[in-house]
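Visitor: Have a look at the structure that comes next, please.
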Amino acid sequence: MSDPDSQYMEMALAEARQAATRGEVPVGAVVVGPDGELLAADGNRTIELADPSAHAEMQAMRAAGIRLGNYRLTGCTLYVTLEPCVMCAGAMVHARIGRLVYGAADPKTGAIASVYRIGSDGLLNHRYQVTGGVLAAEAAGLLQGFFKSRRANGGNTGNGLGG
């Protein structure tokens with residue numbers, strides 16, 4: 001894979017796999033600076049941290065902000081394996097993310113293209129570029145396998161999302 005988007009999405013997929021080993025929904029994210037430097041990477045930690053805001057995107061943006069010493073992530077690209085929710089999309093607006101690249105669409109709660117168009121609809125004070133569907137089959141496969149396994153083991157994900 002020579003395509004940078006695919007390479008960074010592979011890193012996000014690795015974070016998603018690590019999240020699954022912790023019992024978290026397998027979503028991973030990385031933040032890359034304008035110069036292509038990897039600033040941060042993480043996966044979901046909502047269960048581990050007992051924090052509903054500890055989505056992969058939020059974790060990676062927090063770490064990137066700390067690394068840069070600024071909550072503004074102007075010109076940075078966020079790679080995430082699943083289309084972000086409303087909370088994460090809103091945080092990307094506040095952080096002034098320059099570009100979002102996501103893997104699998106989320107037809108139930110996706111706030112980028114599936115249900116809402118936060119960040120590209122022109123209704124807020126910041127817009128970011130969006131590229132969806134990068135390594136979508138791999139990202140969707142991780143999620144499908146995770147939930148299939150949970151349903152087979154009693155139908156509960158342990159995270160309030162059901163089976």
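Visitor: Where only protein heavy atoms count, and the probe is 1.4 Å, what is the accessible area per residue for the chain in Å²? Numbers along the way, then the final one.
Guide: On the way: 7730 Å² over 163 residues.
Result: 47 Å² of accessible area for each residue.
Visitor: How far apart, in nm, are two points set 7 Å out from the Cα along the Cα-to-Cβ line at SER149 and at ASN70?
Guide: For SER149 paired with ASN70, the spin-label model returns 4.0 nm.
Visitor: Same structure again: Zone of ARG22 (label point 7 Å along Cα→Cβ, backbone N under 19 Å): which residues in region 63-79?
Guide: Backbone N within reach: 63-67, 79.
Visitor: Oh, and also: Mean residue ellipticity at 222 nm from the helices of the chain, using -39,500 (n - 2.57) per DSSP H segment of n ≥ 4 over the full residue count, to the nearest 500 deg cm²/dmol? Walk me through the intermediate numbers first.
Guide: Values: 5 runs with 62 residues, N = 163.
Helices in the chain give a 222 nm mean residue ellipticity of -12000 deg cm²/dmol.
Visitor: Most mobile of ALA137, ALA29, ALA19 per a Gaussian network model of the chain (Cα springs, under 10 Å)?
Guide: In the Gaussian network model the winner is ALA137.
Visitor: Output wanted: per-residue J couplings in Hz (rounded whole) for region 110-119, from phi through Karplus 6.51 cos²θ - 1.76 cosθ + 1.60, θ = phi - 60°, x for Gly and Pro.
Guide: x, 9, 9, 9, 7, 10, 10, 10, 5, x
Visitor: Still on this structure, I have one more. Rank LEU78, LEU135, LEU13 by mean-square fluctuation in a GNM of the chain with C-alpha springs under 10 angstrom and give only the top-ranked residue.
Guide: Taking springs between Cα atoms under 10 Å, the residue moving most is LEU135.
Visitor: Please give the peptides 38-44, 147-153, 61-67 ranked by average Cβ packing (other Cβ atoms within 10 Å per residue), highest first, as a rough proxy for protection.
Guide: Working: 38-44: 23.0, 147-153: 13.1, 61-67: 18.7.
Taking the mean over residues of other Cβ atoms within 10 Å, the ranking is 38-44, 61-67, 147-153.
Visitor: Within the chain, what whole-number % of the accessible surface is contributed by carbon and sulfur, with the 1.4 Å probe and all protein chains included in the calculation? Mind showing how you got there, number by number?
Guide: Working: 4140 of 7730 Å².
The nonpolar share, carbon plus sulfur, comes to 54 percent.
Visitor: A further question follows. By the gyration tensor of its Cα atoms, with a ≥ b ≥ c the square roots of the eigenvalues, what is the shape of the chain: rounded for a/c under 1.5, prolate for a/b over b/c, or oblate?
Guide: Values: a/c = 1.56, a/b = 1.49, b/c = 1.04.
Prolate is the answer for the chain, as a/c is 1.5 or above and a/b outweighs b/c.
The values are calculated or read from the model by the stated rules, or taken from the named source; none is laboratory data. Because the structure is predicted, anything quoted here is derived from the model rather than measured. Because the Cβ atoms are built from the backbone with ideal geometry, glycine has one as well, and the counts that use them run over all protein chains shown. Accessible surface areas use protein heavy atoms only, side chains included; no ligands, DNA or RNA. Shrake-Rupley method; radii C 1.70, N 1.55, O 1.52, S 1.80 Å.
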